[in-house]
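What follows draws every value from the coordinates through simple rules; no lab data is involved. Because the structure is a prediction, the values reported are computed rather than measured. Cβ coordinates were reconstructed from backbone atoms using ideal geometry, including for glycine residues, and neighbour counts include every protein chain displayed.
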Amino acid sequence: MSPRHPFPQLVVLSFIAFLACAAAPALGDVSIPTNTYVYFEQGGVPYNGSVQYTVACYGYTAYPNSPYFMSNTAPENTSETVYSYSASCPGYGCVIYEPYYLNYRHIARCDLSGTAGNRSFSVSNFATTPMPSNCTMLQPYDIGMGIDDYYKTTPEYNTCMNATYEESDRCSQYMAECDPAKDTDCGNWVINDTYVKNTPKAIACRDAADKNRTACEIYLQKVDPSTMVMYRDNWTGRMMPAMRVCDQHFTIPAPGGNATPSAQNPDTAKRGPVESLYCGILSLFGAGC
């Protein structure tokens, strides 16, 4: 293990890593388990029948190392399908399990199409994102250690962990100075502008701190999975805690008519200052809100 306070050059890298982690809910290459409660309405009243529907979004993608990843300009073709999902809703207020993984997607519009009561319907450009406007982030647990093994931290756990970090910090005194030009084991650590390398005593010291850190787990509070909102992975079928819940309202147009986009997602264009700042940070990384 390396010292917890690396040399100044690594501070910049750590800050970049922090930004990536801070935006992880929508930025990191990890989907957010999301339960969406879907409500179809027609003529201003709930539609209680079965609905099969598809949401398709169009725009362009900008993956890392692509020409448009860090660019403010868009390609000429912004009509490719960059995101879509299909679902069946057996009745009013059904639940779908869609993570809304939108990394690197720049969306111009989303269309809705489906079948209800043996009749097809479609709504063009109902929103500029498939994400529902009404979502709440959840934090059902702090630490996961495996399937159905979830824990909340406690003040006693945090105190214990902080003590082990301080213990690890003290292990740096056992590092030995070295010259990277002469020693192949040198060059990974710099402390106080001096290159240092591991020693058996430093390694033993940190191993002892690691064991004490593991012992802190006795202060964790186990979370009963039955008390959490659970999400079903559409690919594996595995159940896991949901990290976000959303409400999505759709309007089925009357025969021969077309629902207005505002009726589908009325709050899409309304963002508070915090969300606007968050979305701005995501755009720097090629992700969308």
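Seen from T81, the other residues with C-beta closer than 12 Å to its C-beta sum to a net charge of 0, counting Lys and Arg as +1 and Asp and Glu as -1. In terms of overall dimensions, the C-alpha atoms belonging to the range 124-265 reach 80, 41, 28 Å along their principal axes, ordered largest to smallest.
Just need log10 I(q)/I(0) for the range 142-223 at q = 0.15, 0.16, 0.23 Å⁻¹, Debye formula, equal scatterers on the alpha-carbon atoms, no solvent, rounded to two decimals. Log10 of I(q)/I(0), two decimals: -0.66, -0.71, -0.99. What number comes out for the charge environment of E177, summing +1 per Lys or Arg and -1 per Asp or Glu over other residues with Cβ under 13 Å away? After counting each charged neighbour, the total is -2.
Amide H contacts of R109 (H built 1.01 Å from N, in plane; Pro and chain starts excluded): Y58 sit under 5 Å, all sequence-distant by 5 or more or on other chains. Against the empirical 2.2 N^0.38 Å (N residues), the range 74-188 has a Cα radius of gyration ratio of 1.97.
By the beta-carbon count within 10 Å of each Cβ, the least crowded to most crowded order of R170, R105, R213, fewest first, is R170, R213, R105. For the range 142-223, averaging the sequence separation of C-alpha pairs within contact (under 8 Å, six or more residues apart) and dividing by the residue count gives a relative contact order of 41 percent.
Taken over the range 142-223, lysine pairs spaced eight or more positions apart, or on distinct chains, with alpha carbons under 21 Å apart number 5. Take the Cα of D207, step 7 Å toward its Cβ, do the same at D247, and the gap between the two points is 5.7 nm. Each of K152 and A215 was given a label point 7 Å from its Cα along the Cα-to-Cβ line. The distance between the two points is 2.7 nm. Taking each residue as 0.36 nm, the span from S84 to D185 lengthens on full extension beyond its C-alpha to C-alpha distance by 31.3 nm.
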